[in-house]
1. Please verify whether A:Ile218 is at pLDDT 90 or above and either surrounded by fewer than 20 Cβ atoms within 10 Å (Cβ to Cβ) or in contact with a His (Cβ under 8 Å, 6 or more places away or on another chain) (or both), treating the condition exactly as stated.
2. Residues being of a type outside the set (Val, Ile, Thr), more than 12 Å from every other protein chain (Cβ to nearest Cβ) and outside any loop (DSSP other than H, G, I, E, B): count how many of those fall in segment B:83-111.
3. Of everything in segment A:83-118 that's within 21 Å of A:Ala256 (Cβ to Cβ) and among the basic types (Lys, Arg), which residue is farthest from the other protein chains (Cβ to nearest Cβ)?
4. Kindly indicate whether B:Gly73 is surrounded by fewer than 24 Cβ atoms within 10 Å (Cβ to Cβ), within 14 Å of chain A (Cβ to nearest Cβ), small (Gly, Ala, Ser) and more than 25 Å from B:Ile235 (Cβ to Cβ).
5. Go over the candidates B:Gly259, B:Gly212, B:Gly233 one by one and state the one that is at pLDDT below 95 and of a type in the set (Gly, Ala, Ser).
6. Which of the residues that make up segment B:165-189 are crowded, with 22+ Cβ neighbours inside 10 Å and closer than 18 Å to B:Val128 by Cα?
7. Kindly establish whether A:Arg82 is surrounded by fewer than 21 Cβ atoms within 10 Å (Cβ to Cβ), under 17 Å from A:Gly183 (Cα atoms) and basic (Lys, Arg).
Amino acid sequence: MALFNLSLPQQNRERIWWAWIATASAMFIVGLFGMGQVLIKGLQVTGLSDRVPWGLWITQDLSSIAMGAGAFTLSAIVYLFRIERFKPIARAAVFVGFLGYTSAMIALAMDIGRPDRFWHPLVYWNVHSVLWEITWCVVLYSAVLVLEFLPILFATPFFARWPWLEKFGHILHKASPVFAVIGLGLSLLHQSSLGATYGVLSGRAIWFKPTLPVMFIISAVAGGISMTLVLTMIVGKLRNQRVISRRLQFDLSRLAGYTLLAYLYLKLWDWASTSYYSHAPGTAEALTRLQATTPYTQTFWWLEIILGGIIPAIILLYRPLRRNDRYVMIALALVVMGVTVNRWNVTLSGLVAPPQWSPGVLGNYIAASYFPTWTEIAVFIGILGYALLAFSLGVRYLPIYSSDREASET
Amino acid sequence: MTKKKAKKSSLLSRRDLLQILGATGAAAVVTQIITSGPLSTEAIQEIGEPTHDGESSSEHEWHMGIDLAECIGCQYCVWACQATNDVPDDEMRWNIGFPERTEGGTDFFMTRPCLHCREAPCVNVCPVGATWVREDGIVEMDYDRCIGCRYCEVACPYDVRRFNWKVSSEENAYQPTWGVAEVERRPRGVVEKCTFCVHRIDRGLEQGLTPGVDQAATPACVVACPVNARAFGDINDPESPISKFLEEKESFRLREDFGTEPKVHYVRPEKEA
């Protein structure tokens with residue numbers, strides 16, 4: 001606990017705050033340079049190839065959206081199911097969701113070869129494509145998040161000079177249950193479809209399975225709640241005050257824990273039925289090659305299952321451990337790590353072990369390897385910097401937590 | 001009393017649970033209604049199906065045959081394709097070729113154009129409908145619509161599609177020896193692939209030529225082959241070279257188990273004893 005207890009004089013705390021803001025800004029600026037490179041020179045500056053056309057940015061895109069899943073989950077719990085005691089975290093969840101979805105959209109804009117045609121999926125429809133459905137859902141849901149977020153913004157002193165804005169914000173806030181329903185529907189669709197992006201590709205045995213969409217949405221709910229809660233706890237530690245009640249913190253930890261347990265259960269059967277109890281030639285062939293040429297088997301078991309799944313599940317569900325804030329924060333961070341590693345592993349494992357189609361024995365090993373270039377890493381860091389900067393400023397200047405509102409009301 | 005208290009402190013009360021179940025059910029029903037009504041596949045197909053002119057009619061279906069036993073590995077088909085379709089970069093070859101060996105130890109040369117699958121995985125996944133299977137079976141691309149997301153590359157199990165990672169500005173070393181550019185080069189940021197030389201087929205039909213028989217209406221790779229290892233034509237025409245190829249030779253298609261229904265047929269490299 002002492003680690004986080006910053007009982008420093010006010011002046012030092014200000015200094016730390018500005019140092020942190022400078023760090024996040026520097027990350028963002030590094031990213032801007034990377035983005036400039038990409039826009040000027042095209043995607044040749046990446047480590048991607050025709051055999052591995054998706055990599056680090058897709059991972060960032062998938063995990064940012066997963067980390068934003070706390071927004072629809074908690075909005076539904078609070079505004080739809082009217083479980084009022086979760087309300088103090090709802091705004092934070094919506095804010096984190098907004099940052100996750102905007103991060104994903106920046107990553108996607110960098111990743112497509114023609115960013116000038118980003119609007120094409122909205123005009124040229126192909127309803128058979130899960131990616132078309134995802135694009136629509138993400139665009140619509142981002143709009144929902146903006147509408148859910150606006151009342152928070154309009155409640156700030158800056159906007160007080162236009163009283164009608166606050167009134168508008170109130171109306172929007174009144175409509176929260178409606179947004180919660182729409183948000184729930186859209187999220188149930190696209191959070192699973194992101195898994196279906198891989199799950200429907202019958203030509204790639206390692207991906208082709210109906211469990212992927214379900215595992216994606218359940219892990220997103222676990223990751224989204226964990227992300228929101230761990231950020232909230234960090235804010236609390238830094239402010240040296242409780243921003244949410246201890247009871248709510250326990251409830252959210254348990255919710256994340258149970259969701260994680262459901263995810264692990266699905267993962268167990270996914271593994272057992274596709275590789276342990278069965279022997280589908282395509283899957284077996286791809287897994288053998290993966291095992292021989294990449295570390296993905298290790299990262300799957302150690303980072304996804306043990307560190308990212310079993311250990312945090314124990315901490316979050318075993319009461320004596322759950323009572324220790326530091327353990328809980330580590331557990332939540334591990335969940336976030338596990339879900340992110342999962343998105344990387346799913347993407348890359350299917351690409352680096354491509355199907356063998358040549359009728360001979362030599363051509364089956366056309367090289368397929370990938371390592372991100374510095375430009376890709378710079379853009380990755382930049383998008384992360386954007387999210388961290390926006391979160392820090394938002395938490396400082398906007399009434400995200402109920403304790404802020406009480407402070408501003410008195 | 002104590003029992004009741006214990007229940008209250010649990011994560012979700014029974015009432016909460018019922019509410020959640022009810023609302024989830026309602027959401028599912030709404031989703032079902034929406035997707036079966038205005039957003040049903042049938043209703044949207046008309047909007048989603050790209051309408052393109054061009055000589056597409058259901059009377060023809062173009063197939064290709066590649067006899068690996070006849071192939072001598074000269075690579076003329078690879079180079080002719082690069083010249084005709086203006087692909088200067090060897091990394092981006094539409095029609096790739098490489099030395100191969102059978103399990104039995106017979107050396108052969110493997111070449112592979114786009115297989116123009118009837119159930120093309122690349123077509124289903126495109127979020128903007130920039131690629132489609134024409135009525136005559138050719139998998140076509142619209143470079144002006146492609147956003148460069150590369151999902152089609154991810155979906156294709158045969159490594160057929162190529163992305164323009166950079167501006168293609170270098171000189172084409174295969175011109176004019178192996179042919180001249182018959183189509184425009186593609187811009188940076190879009191995906192491309194073998195077209196079965198669709199421009200030759202469409203123009204040839206207009207001029208009353210027979211693709212597969214008349215050279216001007218036949219894919220460049222087929223024309224370039226010095227040993228006639230490749231055959232092309234309309235599978236609905238029993239007299240076409242491809243129909244005869246399939247009738248005379250025992251052929252197979254690459255990874256039939258994918259269910260992609262390719263339109264390129266191969267003959268095994270081992271010469272029958």
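1. Values: at pLDDT 90 or above: yes; either surrounded by fewer than 20 Cβ atoms within 10 Å (Cβ to Cβ) or in contact with a His (Cβ under 8 Å, 6 or more places away or on another chain) (or both): no.
It is false that A:Ile218 is at pLDDT 90 or above and either surrounded by fewer than 20 Cβ atoms within 10 Å (Cβ to Cβ) or in contact with a His (Cβ under 8 Å, 6 or more places away or on another chain) (or both).
2. As a first pass, look at segment B:83-111 and keep what is of a type outside the set (Val, Ile, Thr): B:83, B:85-86, B:88-95, B:97-101, B:103-105, B:107-110.
Now drop any that are not more than 12 Å from every other protein chain (Cβ to nearest Cβ), which leaves B:83, B:85-86, B:88, B:90, B:95.
Of the ones still in play, those that are also outside any loop (DSSP other than H, G, I, E, B) are B:83, B:90.
Adding up the residues that qualify gives 2.
3. The extreme case among them is A:Arg91.
4. Details: surrounded by fewer than 24 Cβ atoms within 10 Å (Cβ to Cβ): yes; within 14 Å of chain A (Cβ to nearest Cβ): yes; small (Gly, Ala, Ser): yes; more than 25 Å from B:Ile235 (Cβ to Cβ): yes.
Considered against the rule, which asks whether it is surrounded by fewer than 24 Cβ atoms within 10 Å (Cβ to Cβ), within 14 Å of chain A (Cβ to nearest Cβ), small (Gly, Ala, Ser) and more than 25 Å from B:Ile235 (Cβ to Cβ), B:Gly73 comes out as yes.
5. B:Gly259
6. B:Gly189
7. yes
Here is a yes/no grid of residues against (1) polar (S, T, N, Q); (2) over 17 Å from the mean Cα position of the chain (by Cα):
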| site | (1), (2) |
| --- | --- |
| B:Glu59 | no, yes |
| B:Trp62 | no, no |
| B:Tyr76 | no, yes |
| B:Asn85 | yes, no |
| B:Glu91 | no, yes |
| B:Trp94 | no, no |
| B:Asp107 | no, yes |
| B:Met110 | no, yes |
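The values are calculated or read from the model by the stated rules, or taken from the named source; none is laboratory data. Please read all numbers here as calculations on a predicted model, not as lab measurements. Reconstructed Cβ throughout: ideal geometry from the backbone, glycine too, with neighbour counts over all protein chains shown.
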